[in-house]
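The values are calculated or read from the model by the stated rules, or taken from the named source; none is laboratory data. All values reported here derive from a predicted model rather than from experimental measurement. Reconstructed Cβ throughout: ideal geometry from the backbone, glycine too, with neighbour counts over all protein chains shown. For accessibility, only protein heavy atoms count, side chains too; no ligands or nucleic acids. Shrake-Rupley method; radii C 1.70, N 1.55, O 1.52, S 1.80 Å.
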Amino acid sequence: MKPRVAIMDFSCCEGCQLQIVNLEEELLDLVGAVDLVVWREAMSEEKQWYDIAIVEGSVTRPDDELHLEIIRSRAKILIALGACATIGGINKLKNNFDLADVKKCVYGKDADMPHLDTAMTKAVDEVVKVDYKVHGCPMHRPEFTYLMRCLLLGKKPEIPEYPVCVECKAKGNPCLWDYGQVCLGPIIRAGCGARCPSASFRCFGCRGYVDDPNVDAAKDVIQKYNLTVQDLKSKMVLFGSKQRPTNG
Ligand code: SF4
Ligand code: SF4
Ligand code: SF4
């Protein structure tokens, strides 16, 4: 029997689901290998029981937590898809502000309407157990297909536990710190093929912190370039707001 797969979303731009659509021919292979039972973006009918739940987006409303717990109770495997789901993503910027101010800023005079309730943003694994994560904003397509292949073949996927710098150096890229850019590569999880530094743009941290980041080495780099920890922190706001290190 093919595994039943559900693709669902919480607060996000749905760009990671779009990356699934963009798999093109590979998408046809995937659709042929599984039984898709929920995917709001691509089909209208849905079934409520599935083996694999692929969850995009972060939890930003009180009701979301209950919905996510129901999904978890139905799925044998839960995959967090993309930075919004794996680390809270840019939605966590909200956590830097007073929630009442945020609501007023977004909804103006309607801010107190009950259906516009809001809460501190959480990554999926801050609410339920997550089995696998596909990191990045947007998620890295080859990593997603690799994970799905592993699950379908019953193999354990290898998710990088080293920083972006490793992939960047392996590609022979010049280090952007030498060109005045505060690149987060030393503390961010690899797996994207050092996508941004390879295009001469600093890593801004969309894959979240590597497990056990080498903080001392990062401090040495900061000192070498006459910067402060505060300078580095200011570059981590986009994807590092109130983020705790995540595993996996
Ligand atoms: S991780 Fe990025 S691309 Fe994916 S849903 Fe969130 S904001 Fe969109
Ligand atoms: S450019 Fe960034 S990722 Fe590449 S080696 Fe330098 S710090 Fe590391
Ligand atoms: S280089 Fe950094 S910001 Fe760019 S895709 Fe990789 S982890 Fe994300």
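When Ala218 is tested against (1) open to solvent by less than 60 Å² (accessible area, probe 1.4 Å); (2) under 22 Å from Cys16 (Cβ atoms); (3) among the aliphatic types (A, V, I, L, M), exactly one condition is not met: (2).
Condition first: hydrophobic (A, V, I, L, M, F, W, C), at pLDDT below 95 and more than 28 Å from Met8 (Cβ to Cβ). Can you find one or more residues in the range 90-104 that meet it? Yes - at least one qualifying residue is present in the range 90-104. Pairing residues of the range 70-93 that are within 16 Å of Arg189 (Cα to Cα) with residues that are within 16 Å of ligand 2 (Cβ to nearest atom) and open to solvent by 10 Å² or more (accessible area, probe 1.4 Å), at Cβ distances under 6 Å and at least 6 apart in sequence or on separate chains, gives Ala83/Cys206.
Within the set Val210, Val237, Val215, the sole residue that is under 24 Å from Lys92 (Cα atoms) and either polar (S, T, N, Q) or touching an Asp or Glu at 6+ places or on another chain (Cβ under 8 Å) (or both) turns out to be Val210. Across the range 166-215, what is the total count of residues that are part of a helix (DSSP H, G or I), open to solvent by 30 Å² or more (accessible area, probe 1.4 Å), near ligand 2 (Cβ under 8 Å from one of its atoms) and within 18 Å of His140 (Cβ to Cβ)? Looking only at that region, the number is 1. Scanning the range 147-190 for residues that are under 29 Å from Ile20 (Cα atoms) and of a type in the set (Asp, Glu), we see that the one that is farthest from the chain's Cα centre (by Cα) is Glu167.
Of all the criteria given as (1) in contact (Cβ under 8 Å) with a residue 24 or more places away in the chain; (2) open to solvent by less than 30 Å² (accessible area, probe 1.4 Å); (3) in a helix (DSSP H, G or I), the one not satisfied by Cys150 is (1). Among residues of the range 5-27 being over 23 Å from Met120 (Cβ atoms) and assigned to a helix (DSSP H, G or I), the one that is modelled with the lowest pLDDT is Glu25.
The residue list Leu78, Leu66, Leu23, Leu18 contains one member that is within 30 Å of Tyr209 (Cβ to Cβ), open to solvent by less than 30 Å² (accessible area, probe 1.4 Å) and out of contact with any strand residue (DSSP E or B) (no Cβ under 9 Å at 6 or more places or on another chain), which is Leu23. Here Lys2 clears all of (1) more than 16 Å from Leu152 (Cβ to Cβ); (2) assigned to a loop (DSSP other than H, G, I, E, B) except the condition numbered (1). Scanning the range 36-53 for residues that are open to solvent by less than 20 Å² (accessible area, probe 1.4 Å) and over 19 Å from Met1 (Cα atoms) yields one hit, Trp39. Once the range 113-143 is narrowed to residues that are among the aliphatic types (A, V, I, L, M) and part of a loop (DSSP other than H, G, I, E, B), the residue that is nearest to Tyr209 (Cα to Cα) is Ala123. Going by the conditions given, is Lys235 under 27 Å from Leu81 (Cα atoms), more than 16 Å from ligand 1 (Cβ to nearest atom) and either among the small types (Gly, Ala, Ser) or crowded, with 16+ Cβ neighbours inside 10 Å (or both)? Considered against the rule, which asks whether it is under 27 Å from Leu81 (Cα atoms), more than 16 Å from ligand 1 (Cβ to nearest atom) and either among the small types (Gly, Ala, Ser) or crowded, with 16+ Cβ neighbours inside 10 Å (or both), Lys235 comes out as yes.
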